[in-house]
1. Would you please name the residue that is modelled with the lowest pLDDT, looking only at residues in the stretch 19-63 that are closer than 18 Å to PHE80 by Cα and surrounded by fewer than 10 Cβ atoms within 10 Å (Cβ to Cβ)?
2. Criterion first (among the basic types (Lys, Arg), outside any helix (DSSP H, G or I) and on the phi < 0 side of the Ramachandran plot) does ARG50 satisfy it?
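The values are calculated or read from the model by the stated rules, or taken from the named source; none is laboratory data. Everything numeric here is computed off the predicted structure, so don't read it as measured data. No Cβ is skipped: glycine too gets one built from the backbone with ideal geometry, and neighbour counts run over all protein chains shown.
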Amino acid sequence: MSKRKKGLGSARGFGNQSILPDEELLVMSLVSQLAIDIAAQRLSELDAIRTKAEWKDWLIEEAGQRLSEIDSEDELEAIFLNEAE
């Protein structure tokens, strides 16, 4: 019998190899967080229906929804390379 590993394993099709180096992933994460924060601030100033925190939650939810609709790796790559239609 083999022992089961504790913790999270990589999902099928997602090995341990990273597409981008750790430094680039960190920069992308920071830029994304800043962009969401700035957008939420501006939206709360333009439309007081929601607070900055509510706009931030909404933006993250919408991004998650869009990402869940991606069907292929090529489509995801096009988004990263800013070539999406």
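1. Restricting attention to the stretch 19-63, the residues satisfying the condition of being closer than 18 Å to PHE80 by Cα are 19-36, 59-60, 62-63.
Now restrict to residues that are surrounded by fewer than 10 Cβ atoms within 10 Å (Cβ to Cβ): 21-23.
Details: PRO21: 73, ASP22: 81, GLU23: 82.
Looking at the filtered set, the residue picked out is PRO21.
2. Numbers: among the basic types (Lys, Arg): yes; outside any helix (DSSP H, G or I): yes; on the phi < 0 side of the Ramachandran plot: yes.
Answer is yes for this residue.
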